[in-house]
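The values are calculated or read from the model by the stated rules, or taken from the named source; none is laboratory data. Not measured: the values here are computed from a predicted model. FYI the Cβ positions are ideal-geometry reconstructions off the backbone, even for glycines, and counts take in every protein chain you see. Only protein heavy atoms, including side chains, enter the accessible area calculation; ligands, DNA and RNA are left aside. Shrake-Rupley method; radii C 1.70, N 1.55, O 1.52, S 1.80 Å.
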Amino acid sequence: MEALLDPALATYCETHSEVPSPLLRELEQYTRAHFKDAEMLIGPVEGALLALLVRLLAVRRVLEIGLFTGYSALTMAEALPQDGVLVSCEIRPDTAAVAQRFFDRSPHGGKIHVRVAPALDTLEGLRDDAAFDLAFLDADKENYGPYYERLRTLVRPGGLIVADNTLWSGRVLSPRHPSDLAISAFNRRVHEDPGVECVLLPVRDGLTLIRRKP
Ligand SMILES: C[S@@+](CC[C@H](N)C(=O)[O-])C[C@H]1O[C@@H](n2cnc3c(N)ncnc32)[C@H](O)[C@@H]1O
């Protein structure tokens, strides 16, 4: 992922945003030390934004697509109320195992339910009336289209879908590869969808907030 923001400004944003919990810091450091694709972590600024959204909207039920080592899941779980629930989809057992080890050390870890399987299968198995208040989409870009269609049913009217990497390192401007084309088609579909209102923000690699109209 190429940085869209000047690194000095990115650091400035980080040092002027909410400080992650010590366990989240440790999870980030562990991931950077052990996974070569650690740049997939959403990091402290996007994490602070997700936590703020969870609190602002009084979210109780979260659906996440793309757990990796659990940074975004733990960030949101820390912001959920005691009886909150977060279901997270991940295809890699190795990263899911790391995430679970950190969740087991957190007082908020019991809120998180990890499903290790292709996310489309997990989503298919969820009841249509699962009524999630917020969904965070951060997995394989080629499937953003099918994920979106399913999330439109699984997220309750008035609920929020947050989609990550929607600027895709700027490649949305001249899409060539399958993932570029998928993100570009996703952005068009969301923008033209009369059932939602949306804003595409230049946060990190692009973050789209999509509210399902009541
Ligand atoms: C960008 S990372 C998620 C980062 C995570 N949200 C965080 O903050 O650390 C994307 C994750 O989606 C997972 N993934 C890719 N394809 C998937 C699929 N078909 N089903 C479920 N998970 C998938 C990858 O294994 C990877 O761990």
request  = With both partners inside the stretch 57-214, how many of the DSSP beta bridges are antiparallel, as a percent to the nearest 5?
outcome  = 35
ask   = In the chain, carbon and sulfur make up what percent of the accessible area (probe 1.4 Å)?
value = 58
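Beyond 21 Å, how much of the Cα-Cα pair distribution for the chain remains, as a whole percent?
Values: 11746 of 22791 pairs.
Value for the chain: 52 percent of Cα pairs lie more than 21 Å apart.
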task = Normalising by the residue count of the stretch 131-202, find the relative contact order in percent from Cα pairs under 8 Å and 6+ residues apart.
result = 33
request  = With a cut-off of 17 Å, note down the residues of the stretch 69-91 whose backbone N falls inside the zone around a label point 7 Å from the Cα of Arg101 toward its beta carbon.
outcome  = 69-71, 74
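What full-extension length gain, to one decimal in nm, is calculated for Met1 and Ser21 as 0.36 nm per residue of separation minus the Cα-Cα distance? Could the numbers behind the result be given before it?
On the way: separation 20, 0.36 × 20 = 7.20 nm, distance 2.50 nm.
Taking 0.36 nm per residue and subtracting the Cα distance, the gain is 4.7 nm.
So between Gln29 and Glu124, what do we pick up on full extension, going 0.36 nm a residue minus the alpha carbon distance?
On the way: separation 95, 0.36 × 95 = 34.20 nm, distance 3.41 nm.
The Gln29-Glu124 span can extend by a further 30.8 nm.
For Asp193 and Arg156, what is the calculated FRET efficiency with R₀ set at 25 Å and r taken between the beta-carbons, to the nearest 0.05? Please report the intermediate quantities before stating the final value.
On the way: r = 16 Å, r/R0 = 0.65.
With R0 = 25 Å, the Cβ-Cβ based efficiency is 0.95.
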ask   = Considering only Ile91, Ala77, Ala3, whose Cα is most displaced toward the positive end of the charge dipole of the chain, charges sitting on Cβ of Lys, Arg (+1) and Asp, Glu (-1)?
value = Ala77
request  = Please turn the phi angles of the stretch 68-84 into ³J(HN,Hα) values with the Karplus equation 6.51 cos²θ - 1.76 cosθ + 1.60 (θ = phi - 60°), one per residue in order, whole Hz, x for glycine and proline.
outcome  = 6, 9, x, 4, 5, 5, 5, 4, 6, 4, 4, 8, 6, x, 4, 9, x
task = Taking amide H positions as placed in the peptide plane 1.01 Å from N, state which residues far from Ala117 in sequence (5 or more) or on other chains have amide H under 5 Å from it.
result = Glu90, Ile91
task = Please give the calculated 222 nm ellipticity per residue for the chain, where each DSSP H segment of at least 4 residues contributes -39500 (n - 2.57) and the sum is spread over every residue; nearest 500 deg cm²/dmol?
result = -12500 deg cm²/dmol
message = Of Tyr12, Leu24, Ala48, which is farthest towards the positive pole of the stretch 1-49's charge dipole, taken about the Cα centre with +1 and -1 on the beta-carbons of Lys, Arg and Asp, Glu respectively?
response = Leu24
ask   = With each pseudo-label sitting 7 Å past Cα toward Cβ, what's the Glu14-Leu181 distance in nm, one decimal?
value = 3.6
note = Toy charge model, Lys and Arg Cβ at +1, Asp and Glu Cβ at -1: the chain dipole around Cα centroid in debye, rounded to 20, equals 360
